[in-house]
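The values are calculated or read from the model by the stated rules, or taken from the named source; none is laboratory data. These figures come from a predicted structure and were not determined experimentally. For neighbour counting, all protein chains shown are included, and Cβ atoms are generated from backbone atoms with ideal geometry for every residue, glycine included. These accessible areas exclude ligands, DNA and RNA; they are computed on the full protein's heavy atoms, side chains included. Shrake-Rupley method; radii C 1.70, N 1.55, O 1.52, S 1.80 Å.
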Amino acid sequence: AYWTWATAEGGNTRAVQRGLDDATRSTALFLTNKENMVASTGHYEGTALNSDRQLWSVAGTIAGTFRVLFGLQLEDDRMSFQPMVPPSYGHSRTPADTQRAVRDGGGVRTLRGVRYRGATLTIAVHGFGDSVAAARLDGAPITHAEVPETLTGEHTVELTMNGRWPATSVHEVPSRFAPATPRTELRNGALVWNAVRGAELYVVFENGVRQGGTTLTRTTVSAADGLHEYEVLAVNATGDESFLSDPVRVVPNGAETMAKPEGSELAREYAGFTGAGYLPLSLQRNLTVRIPVRVDREGTYAIDVRYANGNGPVNTEDKVAVRTLIVDGDTAGVIVMPQRGASRWTDWGWSNVLRVRLGAGTHTLIIAYAPLDANMNRRENSALLDLVRVMRLPTPSRRSN
């Protein structure tokens, strides 16, 4: 929609035709304004998520009508009209057809009930063309295709197009697709991944920093001071990059601490938890959870939680569980625990990571529900809390000049 609007302002007739046809085709083919479509086929089947009557798709179609076919332009002190109407939309193919259509009352597009400040407008566009040849207000000719902001009451604006549709061009390029995302794992002290079809290079990332590339499907890694994470992306012959793989964690002994919630509230209904059970979090239960944790060294630590959330699918709905993490009385940030599948309460995973500075010794972690943790759903904000993971991060190296 934005592209079509912009090409109309740029006067690119072929692009305008292409953009209007695209929106019209999908609306007619799907019999509704779908949320998405597949770029390679133009069809709605094959998307991860799709909805009928999607408001932004409806708005895009309407914008093509208002902003392009009727050319509505809101300015500081007036509404002007700069329509572009392809021949196939103007019901006439030549200037003579346009004049005949005007005379006979055919080939007309009419928009009624347009509210502009104190006026209500009926706007009629005759014929086709890339600009307005003549304009009338209530039957009287006007010099410019516009109405002032001071206009009040009901009025009719008639626009006759110039019947011209000069040839222009649209630069088309073939569809290109990113390589598949590598699947990585740690095996016998090496980071290994599957060969990706079409990939000519693999790039390894260490702690989010891009390292060298390789044509192999493995590289040696070793436990260093603190947590290290490795990811891999694939690159094809044209330089298109895949998404980064899921991170693989390498943690030396003593750099990671697991802490379980305590108390009689621990439940064991769903399998897959560690230790004696898990703690159900909801808007009615366990609004404040205290978890003591001890670390042996001062440093920066990454904290996340292992949880389950079976309140909905992973690709839609709004039932993410959100809680605030407080460390020794100071707010460290927000823990986000998205749903992991409808009714999949035995599917356990990890939340986002928060970085905190801890001194050696015992600390009190509080996972609490606060007003800022309200999600879009408002009613469902629950998860199962298994444990808290505290991981020491490597000490940044100091560089000398």
Notebook entry, point to check: Would a scan of the stretch 347-368 turn up a residue that is more than 16 Å from R306 (Cα to Cα), more than 31 Å from the chain's Cα centre (by Cα), surrounded by 17 or more Cβ atoms within 10 Å (Cβ to Cβ) and of a type in the set (A, V, I, L, M, F, W, C)?
Noted result: yes
Of the residues in the stretch 143-181 that are assigned to a strand (DSSP E or B), open to solvent by 50 Å² or more (accessible area, probe 1.4 Å) and without any contact (Cβ under 8 Å) to a residue 60 or more places away in the chain, the one that is farthest from Y89 (Cα to Cα) is E154
For the stretch 182-232 the number of residues that are open to solvent by 60 Å² or more (accessible area, probe 1.4 Å), among the hydroxyl-bearing types (S, T, Y) and in a loop (DSSP other than H, G, I, E, B) is 2
Checked pairs for the stretch 237-265, first under 14 Å from A302 (Cα atoms), second loosely packed, with under 15 Cβ neighbours inside 10 Å, C-beta under 6 Å and 6 or more apart or across chains, list as V250/A223
Over the stretch 21-51, the set of residues under 18 Å from the mean Cα position of the chain (by Cα), surrounded by fewer than 19 Cβ atoms within 10 Å (Cβ to Cβ) and among the charged types (D, E, K, R) is E35
Filter the stretch 79-101 for residues that are open to solvent by 50 Å² or more (accessible area, probe 1.4 Å) and not in a loop (DSSP other than H, G, I, E, B); the one that is modelled with the highest pLDDT is S88
Checked the stretch 374-388 for anything within 27 Å of G272 (Cα to Cα) and either of a type in the set (D, E, K, R) or assigned to a helix (DSSP H, G or I) (or both); matches are R379, E380, D386
Within the stretch 63-78, residues of a type in the set (A, V, I, L, M) and open to solvent by 50 Å² or more (accessible area, probe 1.4 Å) come out as L74
Going through (1) in a loop (DSSP other than H, G, I, E, B); (2) open to solvent by 60 Å² or more (accessible area, probe 1.4 Å); (3) not aromatic (F, W, Y) one by one, R18 fails only at (1)
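Considering each residue of the stretch 115-142, count those that are under 23 Å from Y89 (Cβ atoms), hydrophobic (A, V, I, L, M, F, W, C) and in a strand (DSSP E or B), and give that number. It would help to see each step written out before you state the result.
The initial filter retains those residues of the stretch 115-142 that are under 23 Å from Y89 (Cβ atoms), namely 121-136.
Add one more test, that the residue is hydrophobic (A, V, I, L, M, F, W, C), and what stays is 121, 123-125, 128, 132-135.
With the extra rule that they be in a strand (DSSP E or B), the set shrinks to 121, 123-125, 132-135.
Going through the stretch 115-142 one residue at a time, the tally reaches 8.
Name every residue in the stretch 266-277 that is under 16 Å from W345 (Cβ atoms) and either assigned to a loop (DSSP other than H, G, I, E, B) or within 33 Å of the chain's Cα centre (by Cα) (or both), in order of residue number. So that I can check it myself, show each step before the final result.
Start the filter on the stretch 266-277 by keeping residues that are under 16 Å from W345 (Cβ atoms), which leaves 266-274, 277.
Result: L266, R268, E269, Y270, A271, G272, F273, T274, G277.
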Exactly one of A195, A259, A199 is closer than 28 Å to Q339 by Cα and aliphatic (A, V, I, L, M), and that residue is A259
Of the listed residues (E256, E262), the one being more than 35 Å from the chain's Cα centre (by Cα) and not small (G, A, S) is E262
(1) exposed (fewer than 15 other Cβ atoms within 10 Å of the Cβ); (2) over 24 Å from E262 (Cβ atoms) all hold for K319 apart from (1)
Scanning the stretch 314-331 residue by residue, the ones that are in a loop (DSSP other than H, G, I, E, B), closer than 19 Å to R378 by Cβ, at pLDDT 95 or above and not charged (D, E, K, R) total 1
Residue in the stretch 48-64 that is in contact (Cβ under 8 Å) with a residue 60 or more places away in the chain, under 16 Å from A8 (Cβ atoms) and not hydroxyl-bearing (S, T, Y) present: yes
Among the residues in the stretch 247-265, are any farther than 20 Å from R306 by Cα, open to solvent by 20 Å² or more (accessible area, probe 1.4 Å) and outside any loop (DSSP other than H, G, I, E, B)? no
